[in-house]
């Protein structure tokens, strides 16, 4: 096999392992003569972990002669892994057409099912970028094979597994738990926007974010779906199509990573799609509310937005505020809610009219986490990934086994400050009135 083809497999090794179905690929490569019947037996050994068998498969392919790379591309293309073909072969004819709203994988097996994933144009540079307007990375020099990272490496954090399920606390029975005990623990959907049509700079480091998120949630026990560089139309079509995928899951996490802008309405902000179209964060959330997706009523839905919310870069060298100053500012606030809001019943003439049929609120069971506060930038390292996703993965890996999700996001902000100082995350709760434990690695029979 040519060196450039071997390097292409090395550079995309993790994506190949995570995105492809083992049985499908083994069967296709056997039919094309890449492997003999005897050689494919180790890949069928059910006593070994599926991921380990796939890792071995893609380590063996470069040893199968000069035609193996072409057969690999054909097998991937025939089975719908077009993004992987584009990543492996820059001269592929598939670059001329983009996949339109790819549908969910239906292959059986483990939870390693990914959609429309491509860790495109991996570029590196030193220093830290602001997500809003990063400096374009310099061209990457040809790499010496001995300098390439080991393609079999996994993220350098360990996901601590749960040993028991958390139960509703009788002492706090009014705060119950979301149920997360089944094999369909949850679904993570990642929308990442890296490359834009002549409107924005390439977002170096996002490939690291995606790799870390996929690894983290796979280890927790989630099914992971990933979409990259969709247009605005494709994004909206995909959001609508997710109903068939997420319904039935015990929890849903939606991660959106892109360039972001302060929105005109104040309570949300806009994100950039690959064709330059803008979409508000509220539009993303609304696809999962109780009106548009009633089957998810009562199911926890966690949204994570890694994007700027403005251009403010303010920071302090040291704190000058005193307790007295804080008290003075607090003193300027209203003294409290009106009497009716504190528990006294409103007078009869203020009661809402009776409705002819039962009604329910549109928004519930929603938790919204932002990498930064309104009006401010979100920072991203071109090699290690965004500051926020870095610390989120570290905290969730270390503490998801004994902390509920709201506590985890509190620890994320504390870690964000400890590590980087100048960025503040934020969390909003929309009817998120139970505690969500992820119970990584633990499921009822």
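The values are calculated or read from the model by the stated rules, or taken from the named source; none is laboratory data. Predicted model only: the values in this text are computed from it and were never measured. Neighbour counts are summed over all protein chains in view; Cβ atoms, including those assigned to glycine, are modelled from backbone coordinates with ideal geometry.
Of note:
- Test: residue 205 is at positive phi, touching a strand residue (DSSP E or B) at 6+ places or on another chain (Cβ under 7 Å) and surrounded by 23 or more Cβ atoms within 10 Å (Cβ to Cβ): yes
- Restricting the range 72-90 to residues that are free of Cβ contacts under 8 Å to residues at least 24 places away in the same chain and not in a helix (DSSP H, G or I), the residue that is farthest from residue 219 (Cα to Cα): 90
- Some residue of the range 379-396 being in a loop (DSSP other than H, G, I, E, B) and under 15 Å from residue 306 (Cβ atoms): yes
- Filter pass, residue 189 being touching a strand residue (DSSP E or B) at 6+ places or on another chain (Cβ under 6 Å), surrounded by fewer than 24 Cβ atoms within 10 Å (Cβ to Cβ) and either farther than 21 Å from residue 432 by Cβ or in the same structural domain as residue 380 (by TED's automatic domain parsing) (or both): yes
- Among (1) surrounded by fewer than 21 Cβ atoms within 10 Å (Cβ to Cβ); (2) out of contact with any helix residue (DSSP H, G or I) (no Cβ under 8 Å at 6 or more places or on another chain); (3) touching a residue at least 40 places away in the same chain (Cβ under 8 Å) - the single one residue 406 does not satisfy: (3)
- Taking the numbered list (1) more than 18 Å from the chain's Cα centre (by Cα); (2) surrounded by 23 or more Cβ atoms within 10 Å (Cβ to Cβ) in turn, residue 246 passes all entries but (1).
- Every residue from the range 55-71 that is touching a helix residue (DSSP H, G or I) at 6+ places or on another chain (Cβ under 6 Å), within 30 Å of residue 219 (Cβ to Cβ) and touching a residue at least 40 places away in the same chain (Cβ under 8 Å): 55, 58, 61, 62
- Scope the range 1-54; condition free of Cβ contacts under 8 Å to residues at least 24 places away in the same chain and closer than 24 Å to residue 83 by Cβ; matching residues: 4, 27, 30, 31, 43, 52
- Residues of the range 3-53 that turn out to be over 31 Å from the mean Cα position of the chain (by Cα), assigned to a loop (DSSP other than H, G, I, E, B) and either surrounded by 14 or more Cβ atoms within 10 Å (Cβ to Cβ) or outside the structural domain of residue 67 (by TED's automatic domain parsing) (or both), as a count: 5
- Reported count of residues in the range 286-335, each being part of a helix (DSSP H, G or I) and modelled with pLDDT of 90 or more, is 4.
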